[in-house]
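Beneath this line is the structure, given in structure tokens, with notes to follow.
The values are calculated or read from the model by the stated rules, or taken from the named source; none is laboratory data. Note that this is a predicted model, so its numbers are computed, not measured. All Cβ positions, glycine included, derive from the backbone under ideal geometry; neighbour counts span all protein chains shown. Please note that ligands, DNA and RNA were not included when accessible areas were found on the heavy atoms of the full protein model with its side chains. Shrake-Rupley method; radii C 1.70, N 1.55, O 1.52, S 1.80 Å.
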Amino acid sequence: MNSIVDKLNWRYATKKFDSSKKISKEDLETLLEAARLTASSYGLQPYEIYVIEDTDVRKNLRKASYDQPQITDASYLIVLANKPTFNETMIDDYIANIMAIRGVSKDDLEGFSQTMKSTLLDLPDAHKNTWTSNQAYIVLGNLMTIAAEMEIDTCPMEGFDKAQYNEILGLTDKGLNAAVVLAVGYRSADDTTQHYPKVRYSKEQIITHI
């Protein structure tokens, strides 16, 4: 437990990455597998994960991110793209995947399928977008924790033009929307932010036991 807390105290929102240091392919795959295994509501995973390494693409994304250097200087840029709307196809595809993996019949899953459809399909598009975006943020939190455990630095980023991201990455045509971005890499030695004391409310202020 202390080790986990130590790593969470170690991590911070990295403002300056060392562009000369690269995350290994093995460590990247570990992070992406952690992202894939992250919990989501009903297990639906209403999002996709984009790993951006291409230099030219990242230069364009930096322009769409108010020229924040993390976009180009980190080892990789991970874009979590949610589905801003959806229909029964998303649920039917998920049911088919359960059938294939667990070897169960469609009849066995009919109740589960109808529960999801009755709960989700009639939501207004704005609510669907909020819900799927929230699922992407669960992935973000898990990625940041796993990265900290591996002593890989991260910076979660919401300061970007979503419309431009969607255009640059071709997300709109795929029925996706850029929800949030995570820069991953290694901190620069001269990033003074790493030395700032971590500011959090005390347990007494933020945790209530009932």
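Helix 125-149 axis versus longest C-alpha principal axis of the chain: approximately 50°, rounded to the nearest ten. Packing around the peptides 128-135, 85-92, 115-122, 69-76, taken as the average count of other Cβ atoms within 10 Å per residue, puts them in this order, highest first: 69-76, 128-135, 85-92, 115-122. In the context of the full set of protein chains, segment 49-115 has a per residue accessible area of 54 Å² (1.4 Å probe).
Adding -39500 (n - 2.57) for every DSSP H run of four residues or longer, then dividing by how many residues the chain holds, sets the calculated 222 nm ellipticity at -14000 deg cm²/dmol.
A protection proxy built from the mean count of other Cβ atoms within 10 Å ranks the segments 198-205, 43-50, most packed first, as 43-50, 198-205. The residues neighbouring THR30, those whose beta-carbon lies less than 14 Å from its own, together hold a net charge of -4 under the Lys/Arg +1, Asp/Glu -1 convention. Peptides 175-183, 60-68, ordered by how many other C-beta atoms sit within 10 Å of their residues on average, highest first, read 175-183, 60-68. With the Cα gyration tensor of segment 110-166 giving a ≥ b ≥ c as the square roots of its eigenvalues, does the rule (a/c under 1.5 for rounded; else a/b larger than b/c for prolate; else oblate) give rounded, prolate or oblate? Cα axes put segment 110-166 in the oblate bin.
Scaled against 2.2 N^0.38 Å for its residue count N, the alpha carbon radius of gyration of segment 1-48 is 1.53.
Projecting the Cα atoms of ASN166, THR38, ASN9 onto the charge dipole of the chain, computed from C-beta unit charges around the Cα centre, puts ASN9 farthest toward the positive end. The residues neighbouring LYS117, those whose beta-carbon lies less than 15 Å from its own, together hold a net charge of -3 under the Lys/Arg +1, Asp/Glu -1 convention.
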